[in-house]
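Engineer: Below are the structure tokens for one structure; questions will follow.
The values are calculated or read from the model by the stated rules, or taken from the named source; none is laboratory data. Because the structure is predicted, anything quoted here is derived from the model rather than measured. Here the Cβ is made from the backbone with ideal geometry for all residues, glycine too, and neighbour counts use every protein chain on show.
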């Protein structure tokens, strides 16, 4: 089956907005290939009203539309009366489908089991979990899928009991990140610039280690891109007392710049000016359990060295990511950071830069979609 000239409904646990994750990038890439793509935002969880509110809006990308919807029943039913919740949700889905018209493919990134696949008749069903499935809802979300893809073998293994084809397709990257700046030539900045992108409201950031690295390297600039206030975020996060304290600590560091939420194009241009990148998550709390992160591909596209907590996906690719061996603690990370920053010319030499950029180029989103298309076609015969 060609992934062209189709009508595709994407089920996403994160809303459409300025910050893009893999589901947003796939939506754009599918629209570029001549599909009509409908991106279903999570339901509005404000108090329900009589009569569901469903609206179809432009996304800013041709042939890509976002669907906003408000339930006609209370969302909390999902947690106390799931069968009743699904009974009513089926009516909601039918109203959504009536609004958008016939659908050829349902492509689900949803781990919340909001929309069981059996709601969708006469459609091809793709399940694509990109985060670790942590509960039964996340496992049940795959039931009824025609094919399953994921970014790590660890996630795929959780679905071994489901009798459907399963394939590993790593995170992708857009052309914007490969085209931003002349990444093949490296000249060290003074002072050294370290980049970090992503949602700063995530509770799985290893805040103590990260702040320690920043305070131990005052001669280094740390540049952050991503939401640090709930009002900025379309991808969730917690704005509790500990999070507010962490953000204030970052804002209090003279060598830290918080650039907030920016478009993918702006982010691509900004990170191309960095000397190195830092990833610092607590694997025990991490929603991906240290298996893989979308941001790695964007960093690799610059060719610059990445220093990170342990990431299982890259354990056999030492030139791609410099990471600590320990998975249960990041105590080794400050020492590794100092080692890398003290030898940037070596870690950013021409051959290593080329290897990183080549790897990113091999995983452009258009290539990932082609791989998915080929695997779907292969399983139709």
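Engineer: Test of understanding: among 342, 290, which residue is outside the structural domain of residue 124 (by TED's automatic domain parsing) and surrounded by fewer than 21 Cβ atoms within 10 Å (Cβ to Cβ)? I'd like the intermediate steps shown before the answer.
Structural biologist: Details: 290 fails: surrounded by fewer than 21 Cβ atoms within 10 Å (Cβ to Cβ).
Of 342, 290, the one residue that is outside the structural domain of residue 124 (by TED's automatic domain parsing) and surrounded by fewer than 21 Cβ atoms within 10 Å (Cβ to Cβ) is 342.
Engineer: If you don't mind, there's one more thing I want to ask. Determine which member of the set 40, 114, 21 is in the same structural domain as residue 132 (by TED's automatic domain parsing) and at pLDDT below 95.
Structural biologist: On the way: 40 fails: at pLDDT below 95; 114 fails: at pLDDT below 95.
Testing whether each residue is in the same structural domain as residue 132 (by TED's automatic domain parsing) and at pLDDT below 95 leaves just 21.
Engineer: Any idea how many residues of the stretch 314-327 are within 16 Å of residue 299 (Cβ to Cβ), out of contact with any helix residue (DSSP H, G or I) (no Cβ under 6 Å at 6 or more places or on another chain) and at pLDDT 90 or above?
Structural biologist: Qualifying residue count, the stretch 314-327: 2.
Engineer: At least 2 residues that are free of Cβ contacts under 8 Å to residues at least 40 places away in the same chain, in contact with a strand residue (DSSP E or B) (Cβ under 6 Å, 6 or more places away or on another chain) and under 27 Å from residue 370 (Cβ atoms) in each: list the strands (runs of 3 or more DSSP E) lying fully within the stretch 1-108 that qualify.
Structural biologist: Correct list: 36-40, 64-70.
Engineer: A further question on this structure: Taking the stretch 324-347, which residues are touching a residue at least 40 places away in the same chain (Cβ under 8 Å) and either closer than 18 Å to residue 312 by Cα or over 26 Å from the mean Cα position of the chain (by Cα) (or both)? Steps first, please.
Structural biologist: Just the residues of the stretch 324-347 that are touching a residue at least 40 places away in the same chain (Cβ under 8 Å), to begin with: 327-328, 330-331, 333-334, 337-338, 340-341, 344-345, 347.
Within the stretch 324-347, 327, 328, 330, 331, 333, 338, 340, 341, 344, 345, 347 meet the criteria.
Engineer: Next question. Here is a check on your reading of the model: is residue 116 surrounded by 14 or more Cβ atoms within 10 Å (Cβ to Cβ) and within 28 Å of residue 286 (Cβ to Cβ)?
Structural biologist: Details: surrounded by 14 or more Cβ atoms within 10 Å (Cβ to Cβ): yes; within 28 Å of residue 286 (Cβ to Cβ): yes.
The answer is yes for residue 116.
Engineer: How many residues are in contact with a helix residue (DSSP H, G or I) (Cβ under 6 Å, 6 or more places away or on another chain) and buried (at least 20 other Cβ atoms within 10 Å of the Cβ) if we restrict to the stretch 94-112? Lay out the reasoning, then the answer.
Structural biologist: Step one: of the stretch 94-112, the residues in contact with a helix residue (DSSP H, G or I) (Cβ under 6 Å, 6 or more places away or on another chain) are 109, 111-112.
Now restrict to residues that are buried (at least 20 other Cβ atoms within 10 Å of the Cβ): 109, 111.
The qualifying residues number 2.
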